[in-house]
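Reading through the structure tokens given below for one structure.
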There are 2 protein chains.
Amino acid sequence: MLSIGTLGKRTGTKVQTIRYYEQIGLMPEPGRTEGGQRRYEDAELDRLAFIRHSRELGFSLEAIRELLDLSDNPERSCAQIDAVAQKQLHKVEARIARLEALRIELRRMIGECHADRVADCRILEVLRDHEECLSEH
Amino acid sequence: MLSIGTLGKRTGTKVQTIRYYEQIGLMPEPGRTEGGQRRYEDAELDRLAFIRHSRELGFSLEAIRELLDLSDNPERSCAQIDAVAQKQLHKVEARIARLEALRIELRRMIGECHADRVADCRILEVLRDHEECLSEH
DNA sequence: TATACGATCTACAGCTACTGTAGGTTCAAG
DNA sequence: CTTGAACCTACAGTAGCTGTAGATCGTATA
């Protein structure tokens, strides 16, 4: 029987976050002591660990909900799980590509400025100037 | 004299977003027509373009506020602007590093699963298992 | 057994950076 | 003058938490 604080420490989750997961139905309503405090079983610890690990991998709460639903039906095909993971991988890769473009522009911007006064600052110029920017979309 | 819609189209910004920027003090309160509609000058167009371009580069609204303040004092040293840009570059690089670690784990996870049934799915196992994960922080 | 004090409780507000909606008004083209 | 797109305000909602206030609970120690 674990208190919410213990659960939090074991999984690196804030107490409020656990209550929030309960509120949105991602975590089940646990048993309570006579005084009304939450008490958890190991199964709930595992579930929370799953959620947190998935969050660390960047899965949205919606995706995690889907994964949890799927894992409740162990006889079904795991193609759907693969699809969720693939989608996440694509998202991560798209974000990397975007950030790498940003990095290049930021580096160029910073490298170009050797001014002293704000008035001559190339960084501001680049930010003001829309010619050579990323906004093709 | 530009309407808010025109401003939006020229900068790729939704009308509500412009009003939001005004509300939080990032854009000035523009003049109005007799009927109460906003009318902008070219200076405001430039300011909005600056904001949007900076947003595209991942700067937070707070950072942009700082950059705009600095650029209002063109005689000051541009070292502060450089610092803001450097900080942003570090943030971007940190995010890239993090996402690259995620990509590796996601790829490994997906590559390892050749199961049919959810019950045997390696992806879920990896997500459940905290042994080999990223959570050193 | 009494007490102290940290942990927990509920309920709600706040964060970032917008986006969407409802219900009404204004502008400009035809 | 009419029509319809664009505009107005005000407010709620999004994700994923985090923080606060004020009250109650649980347990280790005296």
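The values are calculated or read from the model by the stated rules, or taken from the named source; none is laboratory data. Note that the structure is predicted; figures quoted are calculated from it, not measured. Glycine also receives a Cβ, built like all others from the backbone with ideal geometry; neighbour counts cover every protein chain displayed. For accessibility, only protein heavy atoms count, side chains too; no ligands or nucleic acids. Shrake-Rupley method; radii C 1.70, N 1.55, O 1.52, S 1.80 Å.
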Task: Of the criteria (1) open to solvent by 70 Å² or more (accessible area, probe 1.4 Å); (2) within 14 Å of chain B (Cβ to nearest Cβ), which one A:Ser54 fails - done: (1)
TODO: Inspect all residues belonging to the range A:107-115 and state whether any of them is more than 19 Å from B:Gln86 (Cα to Cα) and either in contact with a Pro (Cβ under 8 Å, 6 or more places away or on another chain) or part of a helix (DSSP H, G or I) (or both).
DONE: no
Task: When residues of the range A:1-30 are limited to those that are surrounded by 12 or more Cβ atoms within 10 Å (Cβ to Cβ) and among the small types (Gly, Ala, Ser), the one farthest from DNA strand C (Cβ to nearest atom) - done: A:Gly12
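Residue-wise test of (1) more than 14 Å from chain B (Cβ to nearest Cβ); (2) part of a loop (DSSP other than H, G, I, E, B); (3) in contact with a Pro (Cβ under 8 Å, 6 or more places away or on another chain); (4) more than 9 Å from DNA strand D (Cβ to nearest atom).
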{"site": "A:Gly5", "(1), (2), (3), (4)": "yes, no, no, yes"}
{"site": "A:Arg10", "(1), (2), (3), (4)": "no, no, no, yes"}
{"site": "A:Thr13", "(1), (2), (3), (4)": "no, yes, no, no"}
{"site": "A:Thr17", "(1), (2), (3), (4)": "yes, no, no, no"}
{"site": "A:Glu22", "(1), (2), (3), (4)": "yes, no, yes, yes"}
{"site": "A:Gly25", "(1), (2), (3), (4)": "yes, yes, no, yes"}
{"site": "A:Pro28", "(1), (2), (3), (4)": "yes, yes, no, yes"}
{"site": "A:Glu34", "(1), (2), (3), (4)": "yes, yes, no, no"}
{"site": "A:Arg39", "(1), (2), (3), (4)": "yes, no, yes, no"}
- [ ] Of all residues in the range A:24-52, count the ones that are within 19 Å of A:Glu66 (Cβ to Cβ) and not hydrophobic (A, V, I, L, M, F, W, C).
- [x] 5
Task: Single match in B:Glu56, B:Glu34, B:Glu75, B:Glu62 (criterion: within 11 Å of DNA strand C (Cβ to nearest atom), at pLDDT below 90 and not basic (Lys, Arg)) - done: B:Glu56
Open item on the list: If I go through the range B:52-61 residue by residue, how many of them are within 15 Å of DNA strand D (Cβ to nearest atom) and part of a helix (DSSP H, G or I)?
Closed with: 1
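Inside the range B:1-57, can you point out the residues that are small (Gly, Ala, Ser) and out of contact with any Leu (no Cβ under 7 Å at 6 or more places or on another chain)?
B:Ser3, B:Gly5, B:Gly8, B:Gly12, B:Gly25, B:Gly31, B:Gly35, B:Gly36, B:Ala43, B:Ala49
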Task: Any pair with Cβ under 7 angstrom, 6 or more apart, that starts in the range B:90-101 at a residue that is in a helix (DSSP H, G or I) and ends at one that is open to solvent by 90 Å² or more (accessible area, probe 1.4 Å) - done: B:Leu99/A:Arg95
Task: Hits in the range B:60-117 - residues which are more than 25 Å from the chain's Cα centre (by Cα), of a type outside the set (D, E, K, R) and open to solvent by 70 Å² or more (accessible area, probe 1.4 Å) - done: B:His114
- [ ] Identify, from the list A:Ala83, A:Ala49, the residue that is among the aliphatic types (A, V, I, L, M), assigned to a helix (DSSP H, G or I), closer than 19 Å to B:Glu105 by Cα and more than 7 Å from chain B (Cβ to nearest Cβ).
- [x] A:Ala83
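With open to solvent by 60 Å² or more (accessible area, probe 1.4 Å) and either free of Cβ contacts under 8 Å to residues at least 40 places away in the same chain or within 26 Å of the chain's Cα centre (by Cα) (or both) as the only criterion, which of B:Arg122, B:Arg38 stands out? I'd like the intermediate steps shown before the answer.
Working: B:Arg38 fails: open to solvent by 60 Å² or more (accessible area, probe 1.4 Å).
Exactly one residue qualifies, and that residue is B:Arg122.
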